[in-house]
Every structure is written in structure tokens, then in C-alpha cells.
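In what follows, a single structure is set out as C-alpha cells and then discussed.
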Amino acid sequence: MSTMMVAGNWKMNASTLTNTDLTNALVAGAATLTNVQMVVFPPAPYLGQVQELLADSAIALGAQNVSDKAQGAYTGEVSATMLKDFGVKYVLVGHSERRSLYGESDAIVAAKFKAVKTAGLIPVLCIGETLAQREAEATLDVVNGQLQAVIDLVGVAELATAVVAYEPVWAIGTGLTASPEQAQEVHQAIRAYLATQDAAVAEQVQILYGGSVNAATANELFAQSDIDGGLVGGASLDAQAFLAIGQAAQS
Ligand code: PGA
């Protein structure tokens, strides 16, 4: 991968006021960044606001969730074409909080991935093991199974133009970052697994690391050969911290 990606998942933290301050600071600070695609993922009601704030910037807009359905009588859902209408380019699917707190199965995640692709947007497919699964040495089985559920529905070729985010559940919001070696080991294994199905896809797919990434840990993580950037939660709410992670992705 030539261009690294640094993606900021704001989760359910936003207001029109804080969005303005945060986005304006990011736009100003990101102007000097090169060779790194910065992306922000605000909560859905603010997509229009942040789209306008980002108008003259190279920072891309992402959404945190999407319906698996195209349109119709699905109260409360937001379709991929609606997201596209607000300038969204990237959509998170299968974040561990959605899997664990909102019961999203591998099948639902795969359907959402397909809906995003069908609308011409780029899914950011989140996969990762829990602490219990890591301790049971099931990490690779878990992440490969989560990947395979998507491949079974859409075919491996669709991964070439998607983003995968490896996020060990035990490292999300906990301050426990996977060591660069632990992260690299899984990233390499994900690429090796994909290579058994399509070597070109394995080379092209962009694989981000996520889980308590901050300005202090980003350099070493991004130096690993199979890590193509980061998906950042907590630190993405602080403009200076998020920009510092963007800088780490450049070097
Ligand atoms: P964190 O969140 O950086 O706060 O651990 C990462 C994520 O959930 O994407």
C-alpha cells in the first residue's frame, strides 16, 4: 500500500459545537499532511454538518453504521445511498461494539458490507478477537472466520477495494494497545489467509490496526510492514492527538 490511512471513529461523542471546533482544527492541521488519507466518522445526524466543514479539505467523510437494506419500511435505518448523498466515502461495518452490544452477526455484517459496495462506497470491515479468544489461541480462527463470512457473500475480489481494520476487542478503549509485533503477526496472517484465495487481493487490501492507538504508539505500529494505517477512537476526539497520529503515518 502506498497511501496510509488514519481514520477517526468519533463513536457517540459529538455536538454541533464540538464538531465545528474539532473539524476546523483538523482541516487546518491536515493541510500539510501528504501521503496519508485522513477520514473522520461522525455520528449520522452530523454527516451534513461535517461534510460542509470538510468541503475544502482532503479529509474524507465516513459513517459509523449503515443498514443492510436498500430502502423501504425499515424504521430508524439509514441506507448506504443516503450516506452517499451526504458525501460519505467510507463506512464502518462490523465494529466490535455493534457486534457485541447490538447483536450484529457475521451474516448481518456481510450483508452491510455488500450494501456499502452496491452503493459504490468503501467498507471498513472491522474484525478482531476477544481476550478470551486470544487466550484460547483462537485469534486467527476468529478473524479469518469473520473475513470468510464476507467473502462467502460477496466473493474475495471485493476485498481488493475495501479496507479491513484489525481491532483486538481487548485493546479497544482500554488503553491496552497490541504490541507492534502482536499486531503485525495478525496483519500478516490476514494477508496470508487472503493469499490462499487470491494473491492480488492479499497485496492490495488495506489493513488498519485499531485499539487504543495514540500519538505515542502510532509510530511503531505504522512501521510494521503489514500495517497500512490506524482506526482511532478516543484519540480522534482530540485534534492535536489525531493530527499527530496522521504525522506518524507519513514517516
Ligand atoms: P479506541 O477505539 O482507539 O478508543 O480504542 C478504537 C475503535 O473502537 O475503533
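The values are calculated or read from the model by the stated rules, or taken from the named source; none is laboratory data. This one's a predicted model, so the numbers in the text were calculated from it and none came from an experiment. Using ideal geometry, Cβ is built from the backbone for each residue, glycine included, and neighbour counts are taken over all protein chains shown.
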Wholly inside the range 21-105, helices (runs of 4 or more DSSP H) that include 3 or more residues that are touching a residue at least 24 places away in the same chain (Cβ under 8 Å), within 16 Å of the ligand (Cβ to nearest atom) and under 20 Å from the mean Cα position of the chain (by Cα) are 96-101
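Can you pull out every residue in the range 224-240 that is away from the ligand (no atom under 14 Å from the Cβ) and either surrounded by 24 or more Cβ atoms within 10 Å (Cβ to Cβ) or within 26 Å of residue 158 (Cα to Cα) (or both)? First the steps, then the outcome.
Taking the range 224-240 first, the residues away from the ligand (no atom under 14 Å from the Cβ) are 224-228, 239-240.
The answer is 224, 225, 226, 227, 228.
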Residues of the range 5-39 being touching a Ser or Thr at 6+ places or on another chain (Cβ under 7 Å) and either β-branched (Val, Ile, Thr) or under 14 Å from residue 63 (Cβ atoms) (or both), in sequence order, are 8, 9, 10, 27, 36
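For the range 106-127, give me the residue count where each residue is without any contact (Cβ under 8 Å) to a residue 40 or more places away in the chain and among the polar types (S, T, N, Q). Let's see the steps before the verdict.
Looking only at the range 106-127, we keep the residues that are without any contact (Cβ under 8 Å) to a residue 40 or more places away in the chain, and these are 120.
Next, from what is left, pick out any that are among the polar types (S, T, N, Q): none.
The total comes to 0.
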Q) Somewhere in the range 203-221, is a residue modelled with pLDDT of 95 or more, more than 28 Å from residue 23 (Cα to Cα), surrounded by 16 or more Cβ atoms within 10 Å (Cβ to Cβ) and among the charged types (D, E, K, R)? A) no
Residues in the range 171-182: is at least one buried (at least 19 other Cβ atoms within 10 Å of the Cβ), in contact with a Ser or Thr (Cβ under 6 Å, 6 or more places away or on another chain) and polar (S, T, N, Q)? yes
query = Does residue 221 satisfy the condition of being in a helix (DSSP H, G or I), touching a residue at least 24 places away in the same chain (Cβ under 8 Å), within 15 Å of the ligand (Cβ to nearest atom) and over 15 Å from the mean Cα position of the chain (by Cα)?
reply = yes
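For the range 99-118, how many residues are small (Gly, Ala, Ser) and crowded, with 19+ Cβ neighbours inside 10 Å? Can you show your working first?
Within the range 99-118, the first condition is being small (Gly, Ala, Ser), and the residues that meet it are 100, 103, 105, 107, 110-111, 115.
After this cut, where a residue has to be crowded, with 19+ Cβ neighbours inside 10 Å as well, the list is 110-111, 115.
Here the count works out to 3.
Would you check if residue 211 is within 23 Å of residue 122 (Cα to Cα), away from the ligand (no atom under 11 Å from the Cβ), touching a residue at least 60 places away in the same chain (Cβ under 8 Å) and under 13 Å from the mean Cα position of the chain (by Cα)?
Working: within 23 Å of residue 122 (Cα to Cα): yes; away from the ligand (no atom under 11 Å from the Cβ): no; touching a residue at least 60 places away in the same chain (Cβ under 8 Å): yes; under 13 Å from the mean Cα position of the chain (by Cα): yes.
Here the answer is no, as residue 211 does not meet what is asked.
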- in a loop (DSSP other than H, G, I, E, B) and within 16 Å of the ligand (Cβ to nearest atom) - does that describe any residue in the range 109-127? no
